[in-house]
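K.L.:
Structure incoming, see below.
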Amino acid sequence: MADKNNAKSKIVIVGGSSGMGLALARRCLDSGAEIIIVGRNEAKLKRASEVLRNPAGLNTIAADIAEEHQVADLFDRIGRLDHIVSTAADIEGAYDLLPSVDLKAAQRVVESKFYGPLLLAKHGAPKLSANGSITFTSGIAAYRPAARGSVVAAVNAALEGLVRALAVELAPIRVNAVSPGWVDTPIWHFVAGDKKDETLDAMAKRLPVGRVGQPDDIADAIAFLMGNGFTTGTILHVEGGHRLI
């Protein structure tokens with residue numbers, strides 16, 4: 001569904017080569033926006049362009065948002081823009097019980113879901129229009145943590161604190177986060193391995209809505225946060241009622 005509020009906007013989507021970010025890119029392109037997908041992996045960026053059928057309004061840039069000089073260079077290349085979105089999360093190796101937690105894997109989670117967003121705000125905010133926005137992605141783990149998920153739970157909670165602080169500091173630029181529940185994306189291969197389908201099916205039976213989320217569910221929520229000029233410092237929960245169970 002096209003979103004008239006974001007038509008003709010220039011939008012950076014970090015992590016847009018798959019899952020929720022890719023769904024958002026498709027939605028925004030359909031509305032007429034200019035999209036820049038940012039990711040670390042050139043091959044994934046190329047595949048994303050092919051999936052989206054290489055439209056004229058799409059560009060891709062390879063950059064690691066954990067590296068400050070790369071983030072600064074990124075926004076120097078992009079120039080003025082309207083919205084920044086990050087759905088990036090490097091959680092490979094981080095889902096483990098505490099005695100087996102690998103510190104380097106934990107650090108990658110912090111870099112991708114906290115320091116990366118911090119750097120995006122630091123270097124991206126000066127490029128945003130006065131009615132622009134920044135939207136990050138936290139997650140249900142901050143509210144319903146599970147064994148093996150302590151690192152992700154902590155980082156999601158920290159990111160939400162950052163959102164509230166940045167909404168005050170960067171005003172009138174709006175800063176928000178979407179907090180997804182369990183969404184069927186490639187990230188589940190790192191969480192559940194070959195038990196992905198079994199794990200998601202079990203959660204679907206527990207949720208009030210009777211299903212797990214799809215990337216388009218989260219894309220809808222992010223599009224709302226970009227387009228609604230009266231929403232800032234907000235965590236928008238899109239989790240099928242997960243916090244109720």
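The values are calculated or read from the model by the stated rules, or taken from the named source; none is laboratory data. Remember, predicted model here, so these are calculated numbers, not experimental data. Neighbour counts are summed over all protein chains in view; Cβ atoms, including those assigned to glycine, are modelled from backbone coordinates with ideal geometry. Just the protein is used for accessible areas: all its heavy atoms, side chains included, with ligands, DNA and RNA removed. Shrake-Rupley method; radii C 1.70, N 1.55, O 1.52, S 1.80 Å.
K.L.:
Mind jotting down a quarter of the surface of the convex hull over the alpha carbons of segment 1-93, in square nanometres, one decimal?
P.N.:
For segment 1-93, the mean projected area of the Cα convex hull comes to 6.0 nm².
K.L.:
Another question, then. Compute the angle between helix 150-169 and the longest alpha-carbon principal axis of the chain, please, reported from 0 to 90 degrees and rounded to the nearest 10.
P.N.:
30
K.L.:
Calculate what fraction, in whole %, of the accessible area of segment 1-118 sits on carbon and sulfur atoms when a 1.4 Å probe is rolled over the protein chains.
P.N.:
Percent of accessible area from carbon and sulfur atoms in segment 1-118: 47.
K.L.:
Helix-only estimate, please: 222 nm mean residue ellipticity of the chain, summing -39500 (n - 2.57) across DSSP H runs of length 4 or more and dividing by its residues, to the nearest 500.
P.N.:
-12000 deg cm²/dmol, from helical runs alone.
K.L.:
In whole Å, largest first, what are the principal axis extents of the Cα atoms in the chain?
P.N.:
Result, largest extent first: 45, 37, 36 Å.
K.L.:
Then there is this: Can you check how the C-alpha radius of gyration of segment 91-131 compares to 2.2 N^0.38 Å, as a plain ratio?
P.N.:
Compared with the compact-globule rule of thumb, segment 91-131 sits at 1.64.
K.L.:
Next question, about the same structure. Around Gly139, with a cut-off of 11 angstrom between Cβ atoms, what is the net charge of the other residues, counting Lys and Arg +1 and Asp and Glu -1?
P.N.:
0
K.L.:
Counting other Cβ atoms within 10 Å, which GluC sites (Glu not before Pro) in segment 101-174 have at most 11 and lie in a DSSP loop?
P.N.:
none
K.L.:
So, one more: In square nanometres, what is one fourth of the surface area of the convex hull spanned by the alpha carbons of segment 153-245?
P.N.:
Averaged projected area of segment 153-245's Cα convex hull equals 6.6 nm².
K.L.:
Same structure again: If you place +1 on the Cβ of every Lys and Arg and -1 on the Cβ of every Asp and Glu, how big does the dipole about the Cα centre of segment 1-128 come out, in debye to the nearest 20?
P.N.:
In debye, rounded to 20, segment 1-128 gives about 500.
K.L.:
What does the extension gain come out to for Ala157 and Asn59, with contour length at 0.36 nm per residue minus their alpha carbon separation?
P.N.:
32.1 nm
K.L.:
Still on this structure, I have one more. Rg/Rh for segment 109-193: what does it come to with C-alpha atoms and Rh from Kirkwood?
P.N.:
With Rh from the inverse mean 1/r over Cα pairs, Rg/Rh is 1.02.
K.L.:
Write out the trypsin sites (Lys or Arg not before Pro) in segment 1-87 meeting two conditions: DSSP loop, and at most 11 other Cβ atoms within 10 Å of their Cβ.
P.N.:
Lys8, Arg53, Arg80
K.L.:
Moving on to the next point. Once you've got the Cα coordinates, tell me which of Lys44/Lys104; Lys10/Lys205; Lys113/Lys195; Lys104/Lys205; Lys104/Lys127; Lys8/Lys104 are over 29 Å apart.
P.N.:
Lys10/Lys205; Lys104/Lys205; Lys104/Lys127; Lys8/Lys104
K.L.:
Would you please put 85-95, 199-209 in order of how densely packed they are, using the mean number of other Cβ atoms within 10 angstrom per residue and starting with the highest?
P.N.:
Taking the mean over residues of other Cβ atoms within 10 Å, the ranking is 85-95, 199-209.
K.L.:
Related question: Putting +1 on Lys and Arg Cβ atoms and -1 on Asp and Glu Cβ atoms, find which of Gln107, Ala130, Met20 reaches farthest to the positive end of the dipole of the chain.
P.N.:
Result: Ala130, furthest along the dipole toward the positive end.
K.L.:
For the chain, report the accessible area per residue in Å² (1.4 Å probe, heavy atoms, rounded to an integer).
P.N.:
48
K.L.:
Place a +1 charge on the Cβ of each Lys and Arg in the chain and a -1 charge on the Cβ of each Asp and Glu, then give the dipole magnitude about the Cα centre in debye, rounded to the nearest 20.
P.N.:
Computed charge dipole of the chain: roughly 380 debye.
K.L.:
In segment 131-245, carbon and sulfur make up what percent of the accessible area (probe 1.4 Å)?
P.N.:
For segment 131-245, the apolar C and S fraction of the accessible surface comes to 57 percent.
K.L.:
Work out, step by step, the length gained on full extension between Arg206 and Ile245: first 0.36 nm times the residue separation, then minus their alpha carbon distance; give nm to one decimal.
P.N.:
13.3 nm
K.L.:
Also, quick follow-up: If the cut-off is a Cα-Cα distance under 20 Å, which aspartates and glutamates reach Lys196, setting aside same-chain residues fewer than 8 apart in sequence?
P.N.:
Straight-distance partners of Lys196: Asp90, Glu92, Asp96, Asp184, Asp216, Asp217, Glu239.
K.L.:
What number comes out for the charge environment of Val71, summing +1 per Lys or Arg and -1 per Asp or Glu over other residues with Cβ under 15 Å away?
P.N.:
-1
K.L.:
If you don't mind, another one. By how many degrees, between 0 and 90 and to the nearest 10, does the Cα long axis of helix 42-51 differ from the longest principal axis of the chain?
P.N.:
Between helix and principal axis, roughly 80 degrees.
K.L.:
Follow-up question, since we're still on this one. If each residue of separation counts as 0.36 nm, what is the full-extension length gain between Ala147 and Glu50 once their alpha-carbon separation is subtracted?
P.N.:
That works out to 31.1 nm of additional length.
K.L.:
Cα axis of helix 19-30 to longest principal axis of the chain: angle in degrees, 0 to 90, nearest 10?
P.N.:
Its long axis makes an angle of about 30 degrees.
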